[in-house]
Amino acid sequence: TREIHLAARPHGTPTPDDFRLVETTLPDPGPGQLLVRNRAMSVDPYMRGRMNDSKSYVAPFRLDAPLEGGAVGEVVAAGPDTTVEVGTLVLHNLGWREHALVAADAVQPLREVPGASPSHYLGVLGMPGLTAYAGLFRVGALQAGETVFVSGAAGAVGSLVGQFARLGGAGRVVGSAGSAEKVAFLTDELHFDAAFDYHDGPVRDRLREAAPDGIDVYFDNVGGEQLEAAIGALRLRGRGALCGAISAYNATEPPPGPRNLGLMVSNRLRLEGFLVGDHRDLQGEFAERVGGWFAAGDLVVRETVREGLDSAVGAFLGLLAGENTGKMVVTF
Ligand code: NDP
């Protein structure tokens, strides 16, 4: 079987040389272990951070060892002292490989959602979905009738934030993304009220056109200029849910911060960073509500799918370069 190792710690933007495809053989599952054949794996922006040798909320990836990340696979063999049956589809964290030897207590059998395919549990029904849900409704505390702005709006998290906002009663939903095609996707398919390409800056001006009366909630996937523009547009007692800052993930020097933080005082703003892991208690509510919207066909779920482990590195590099619309996944 094959797996992908981190061969070198990327400096700035990662390149294919930072990764290595390795042939390996796996032993039979021992006590408490399962052998899983992966069917889909996730590539996520946070993985870029784990490639650095720096302290964070997750440990760095080890060099010359397989990468890890969300994956869905089928149990093909079960060791002694396990209760998961062969044939079960499970969610686990040993992606970046065709087969995984996983501790049985580290897998989650997939809950049935009508119409869902394995990769959906890595996107709308999984971690990115819960991120969008918790960030918008709990951290952003969206109220009916309010105006929401989300950056990275055509990505996995952002495309759900915009749709959840509409289903949750927002008055106006505005998004930004990196190409004309993505802007058309937002307005034509996801029914955002307005959208713009952040390359057509200054973002402050584009945002003022898209939300002339200002915004109440900003869902930040990007940081940098877009965060500064959003702070400028937030109305009295506006909220910013700080989810990620992908515009800086490949930076070799920290970028300058927003220059208008003084507005937080005069407008009594609240900017709050969050991690999806802090909001696991919402899992039940999320599964019920979003699973319901999904099963009812109320959500447009776009994925960008690459085939086979050989394409995993390209999928990750492409994610950082904006080649995805919706969730980027690799299927086997
Ligand atoms: P996406 O599907 O949104 O993919 C990443 C996207 O980022 C690309 O498609 C690209 O789209 C955009 N991008 C890349 N470079 C830049 C740039 N310089 N400026 C603006 N946009 C850029 O990824 P996810 O939905 O999985 O993640 C979105 C954000 O949420 C990330 O910041 C991630 O780290 C964060 N996150 C945080 C979590 C938490 O617990 N706090 C959990 C999950 C995700 P485009 O073409 O529009 O540029």
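Among the residues of segment 269-279, is any more than 22 Å from Arg166 (Cβ to Cβ), in contact with a helix residue (DSSP H, G or I) (Cβ under 6 Å, 6 or more places away or on another chain), of a type in the set (A, V, I, L, M) and assigned to a helix (DSSP H, G or I)?
no
Give the residues of segment 143-169 that are surrounded by fewer than 24 Cβ atoms within 10 Å (Cβ to Cβ), touching a strand residue (DSSP E or B) at 6+ places or on another chain (Cβ under 8 Å) and within 21 Å of Gly291 (Cβ to Cβ), sorted by residue number.
Across segment 143-169, the qualifying residue is only Arg166.
Gly240 - would you say it is in a loop (DSSP other than H, G, I, E, B) and among the small types (Gly, Ala, Ser)?
For Gly240, the condition - in a loop (DSSP other than H, G, I, E, B) and among the small types (Gly, Ala, Ser) - is not met.
Could you tell me whether Pro29 is at negative phi and either of a type in the set (A, V, I, L, M, F, W, C) or surrounded by fewer than 20 Cβ atoms within 10 Å (Cβ to Cβ) (or both)?
Here the answer is no, as Pro29 does not meet what is asked.
Does Leu261 count as in contact (Cβ under 8 Å) with a residue 12 or more places away in the chain, more than 15 Å from Val139 (Cα to Cα) and more than 16 Å from the ligand (Cβ to nearest atom)?
When the stated conditions are applied, Leu261 passes them.
Can you tell me which residue within segment 128-184, out of those that are of a type in the set (S, T, N, Q) and part of a loop (DSSP other than H, G, I, E, B), is farthest from the ligand (Cβ to nearest atom)?
Step one: filter segment 128-184 for residues of a type in the set (S, T, N, Q), giving 131, 143, 147, 151, 159, 163, 176, 179.
Okay, now just the ones that are also part of a loop (DSSP other than H, G, I, E, B), so 143, 151, 179.
Working: Gln143: 22, Ser151: 7, Ser179: 6 Å.
The extreme case among them is Gln143.
Please verify whether segment 290-313 includes one or more residues that are part of a helix (DSSP H, G or I), over 14 Å from the mean Cα position of the chain (by Cα) and within 14 Å of the ligand (Cβ to nearest atom).
No: segment 290-313 contains no residue that is part of a helix (DSSP H, G or I), over 14 Å from the mean Cα position of the chain (by Cα) and within 14 Å of the ligand (Cβ to nearest atom).
Please work out which one of (1) farther than 26 Å from Pro14 by Cβ; (2) within 16 Å of the ligand (Cβ to nearest atom); (3) of a type outside the set (S, T, N, Q); (4) at pLDDT below 95 is the condition Ala251 fails and give its number.
Result: Ala251 fails condition (1) only.
From the list Ala77, Ala59, which one is in the same structural domain as Arg9 (by TED's automatic domain parsing), modelled with pLDDT under 95 and out of contact with any Gly (no Cβ under 7 Å at 6 or more places or on another chain)?
Among Ala77, Ala59, only Ala59 is in the same structural domain as Arg9 (by TED's automatic domain parsing), modelled with pLDDT under 95 and out of contact with any Gly (no Cβ under 7 Å at 6 or more places or on another chain).
Return the residues of segment 187-243 that are more than 16 Å from the ligand (Cβ to nearest atom), β-branched (Val, Ile, Thr) and out of contact with any Pro (no Cβ under 9 Å at 6 or more places or on another chain); say none if nothing qualifies.
Residue satisfying the conditions is Ile215 alone.
Within segment 197-233, how many residues turn out to be hydrophobic (A, V, I, L, M, F, W, C), under 20 Å from the mean Cα position of the chain (by Cα) and assigned to a strand (DSSP E or B)?
So the answer is 2.
The values are calculated or read from the model by the stated rules, or taken from the named source; none is laboratory data. Being a predicted model, the structure only gives us computed values, none of them experimental. A quick note on method: Cβ atoms are made from the backbone with ideal geometry, for glycine too, and the neighbour counts reach across all protein chains shown.
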